[in-house]
1. If I filter the range 100-113 for residues that are in a helix (DSSP H, G or I), touching a residue at least 12 places away in the same chain (Cβ under 8 Å), under 22 Å from Asp168 (Cα atoms) and touching a Gly at 6+ places or on another chain (Cβ under 7 Å), do I get at least one hit?
2. Hey, can you tell me all the residues within the range 92-123 that are β-branched (Val, Ile, Thr) and surrounded by fewer than 12 Cβ atoms within 10 Å (Cβ to Cβ)?
3. Consider the range 78-116. How many of its residues are among the hydroxyl-bearing types (Ser, Thr, Tyr) and at pLDDT 95 or above?
4. Could you pull out the residue among Leu73, Leu38 that is modelled with pLDDT under 95 and either among the acidic types (Asp, Glu) or in a helix (DSSP H, G or I) (or both)?
5. If you take the residues of the range 8-35 that are among the β-branched types (Val, Ile, Thr) and either at pLDDT 60 or above or assigned to a helix (DSSP H, G or I) (or both), which of them is surrounded by the most Cβ atoms within 10 Å (Cβ to Cβ)?
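The values are calculated or read from the model by the stated rules, or taken from the named source; none is laboratory data. From a predicted model like this one, the values you see are computed outputs, not experimental measurements. So basically every Cβ, Gly included, is an ideal-geometry build from the backbone, and we count neighbours across all protein chains shown.
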Amino acid sequence: DDNSMEVDDKPTAEKSTSPKPLKEEPKDAASSPATLALSLTAARSSALASHTERHISSLVSSAVNLHMQKLELKLQQFDEMETLLQTERRDLERQRQRLFFDRLQFKRRVADVETKFASMGVSVESDVRAAAQGEAEDKGDKLGVVGTQEGAAVAQQGGDNIKPASADEAGYKTAEM
């Protein structure tokens, strides 16, 4: 058989011996100066990296906490500002209503005075009347008073049900500053 495998006829004692290592290392290789220096450097760099990582993590945590405190302070200030703004709005609404009623009362007084002057036979000049009613009829709605003579007549005839315009009503005008 040409295809058959050849078998060595060597004794079994020689086959059982282990092959020799190519390079023999000394037993105290871990204690060589180069290995010792490298392992010491690796340990120190690992400790330094761990310390640096903890320090950076601490700094990031401090920065995040500081930012959160700033945001909480800003939210608190916004809440205070919102409260002040609501209070100011209520005060302005009260003042606007008070001004409306003061103007209405003034208009009634002017109508009373005109009536008394008319009963005494004294005529009121139209210029004085225009000045008393806001200097011109077309400026009445800007001042919160609509109508001139008709409004005075309504006020004189019992216009006690007259109310100031409210922000909820249609046609309400505001001026923002």
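1. Scanning the range 100-113 turns up at least one residue that is in a helix (DSSP H, G or I), touching a residue at least 12 places away in the same chain (Cβ under 8 Å), under 22 Å from Asp168 (Cα atoms) and touching a Gly at 6+ places or on another chain (Cβ under 7 Å).
2. Val122
3. Let us first name the residues in the range 78-116 that are among the hydroxyl-bearing types (Ser, Thr, Tyr), namely 83, 87, 115.
This time we only want the ones that are at pLDDT 95 or above, so: 83, 87.
Counting residues in the range 78-116 that are among the hydroxyl-bearing types (Ser, Thr, Tyr) and at pLDDT 95 or above gives 2.
4. Details: Leu73 fails: modelled with pLDDT under 95.
Only one candidate passes the filter, namely Leu38.
5. Here is the first cut: in the range 8-35, the ones among the β-branched types (Val, Ile, Thr) are 12, 17, 35.
The next check asks that each one be either at pLDDT 60 or above or assigned to a helix (DSSP H, G or I) (or both); those that pass are 12, 35.
Working: Thr12: 6, Thr35: 11.
Filtering the range 8-35 for residues that are among the β-branched types (Val, Ile, Thr) and either at pLDDT 60 or above or assigned to a helix (DSSP H, G or I) (or both), the one surrounded by the most Cβ atoms within 10 Å (Cβ to Cβ) comes out as Thr35.
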